[in-house]
Amino acid sequence: MKKLDLKKTKLSEVNATLQNLNKKSNDKDFTVMNPEGCHALCVGLVNKINVTINGHVGYYCAGMNQNANIIIKGNVSTGVAENMMSGTVHVKGNASQSAGATAHGGLLIIDGNASSRCGISMKGVNIVVKGSVGHMSAFMAQSGTLLVCGDAGDALGDSLYETEIYVKGKVKSLGVDCIEKPMKSKHLKKVSDLLKKSKIAKFKPEQFKRYGSERKLYNFNIDNVSEY
């Protein structure tokens, strides 16, 4: 395992090392030491590599990730895994606002809590939060899945499209055009698969409630003008 120490190496050099690996390189496992809250760490990775970050990080960690498996042993600030395309990002601590924003694919796992706007405008990513999420989570979410093992704050799923939301705990309030929907066998299977991928054994799919779009805002309707 190759070690990259941010006390000895500039952030730009660490990112360049991880971004520009030759596909034939034998270096597949990396540890980043002493991040100390730095911003935009491990952004734009495109190779199938394993990166472990030992410590807390700042804004936009693991943004635009493709293929890489990134583990963050600490808390993350705004926009972790923003615009992720594929791969896995696993936060061992808590996440600030806008976790997984606009992400198109892959899997984002947050062991702790996520703040407001988790999954905002998500476009295909699967997000699993083992704790709770803040207000306006999945705002304008277009596709993908948000699974929350704890509670959800105000305006969950406001103005969402085809994203499916599963919450085990309490929902403070639902956003515009978001309603509770029945859990069918295919939804139970999806929850089961995500729980297994996230190594969550203490919960069962039947404990979750499903939320999605009522589809009243897909086309303009004068009767719903106050909702736009």
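The values are calculated or read from the model by the stated rules, or taken from the named source; none is laboratory data. Keep in mind it's a predicted model, so treat the numbers as computed, not measured. Quick reminder, even Gly has a Cβ in these numbers, built from the backbone with ideal geometry, and neighbours come from all protein chains shown.
Here are some notes:
- Evaluation of Glu36 against (1) of a type outside the set (Lys, Arg); (2) touching a His at 6+ places or on another chain (Cβ under 7 Å); (3) in a loop (DSSP other than H, G, I, E, B) (one fails), failing number: (2)
- Counted residues, the stretch 52-73 - those being under 17 Å from Lys10 (Cβ atoms), assigned to a loop (DSSP other than H, G, I, E, B) and within 17 Å of the chain's Cα centre (by Cα): 2
- Candidates Asn113, Asn15, Asn67 - the one that is modelled with pLDDT of 95 or more, polar (S, T, N, Q) and touching a strand residue (DSSP E or B) at 6+ places or on another chain (Cβ under 9 Å): Asn113
- Only listed residue being out of contact with any Asp or Glu (no Cβ under 9 Å at 6 or more places or on another chain), of a type outside the set (Phe, Trp, Tyr) and free of Cβ contacts under 8 Å to residues at least 60 places away in the same chain, chosen from Ile49, Ile72, Ile109: Ile72
- Listed by position, the strands (runs of 3 or more DSSP E) enclosed by the stretch 132-195 that each have at least 3 residues that are in contact (Cβ under 8 Å) with a residue 12 or more places away in the chain and more than 21 Å from Ser86 (Cα to Cα) are 178-181.
- Exactly one residue out of Asn67, Asn15, Asn22 is loosely packed, with under 15 Cβ neighbours inside 10 Å, closer than 30 Å to Ser137 by Cβ and free of Cβ contacts under 8 Å to residues at least 60 places away in the same chain: that is Asn67.
- For the stretch 150-188, a residue qualifies if it is of a type in the set (A, V, I, L, M, F, W, C), surrounded by fewer than 23 Cβ atoms within 10 Å (Cβ to Cβ) and at pLDDT 95 or above, and the qualifying residues are Ala155, Val171, Leu174, Ile179, Met183, Leu188.
- Residue that is nearest to the chain's Cα centre (by Cα) [pool: residues in the stretch 195-227 that are exposed (fewer than 10 other Cβ atoms within 10 Å of the Cβ) and modelled with pLDDT under 75]: Asn219
- Screening the stretch 144-155 for residues that are under 13 Å from the mean Cα position of the chain (by Cα) and not β-branched (Val, Ile, Thr) and picking the one that is farthest from Ser115 (Cα to Cα) gives Gly144.
- Just one of the numbered conditions (1) surrounded by 22 or more Cβ atoms within 10 Å (Cβ to Cβ); (2) within 13 Å of the chain's Cα centre (by Cα); (3) not in a loop (DSSP other than H, G, I, E, B) is not true of Gly124: (1).
- Residue check for Asn54: of a type in the set (S, T, N, Q), touching a Pro at 6+ places or on another chain (Cβ under 9 Å) and either closer than 21 Å to Ser198 by Cα or crowded, with 17+ Cβ neighbours inside 10 Å (or both): yes
- Residue count, the stretch 39-51 (criterion: surrounded by fewer than 18 Cβ atoms within 10 Å (Cβ to Cβ) and part of a strand (DSSP E or B)): 1
- Ala103 vs. criteria within 19 Å of Lys3 (Cα to Cα), in contact with a Lys or Arg (Cβ under 9 Å, 6 or more places away or on another chain), touching a residue at least 24 places away in the same chain (Cβ under 8 Å) and buried (at least 18 other Cβ atoms within 10 Å of the Cβ): no
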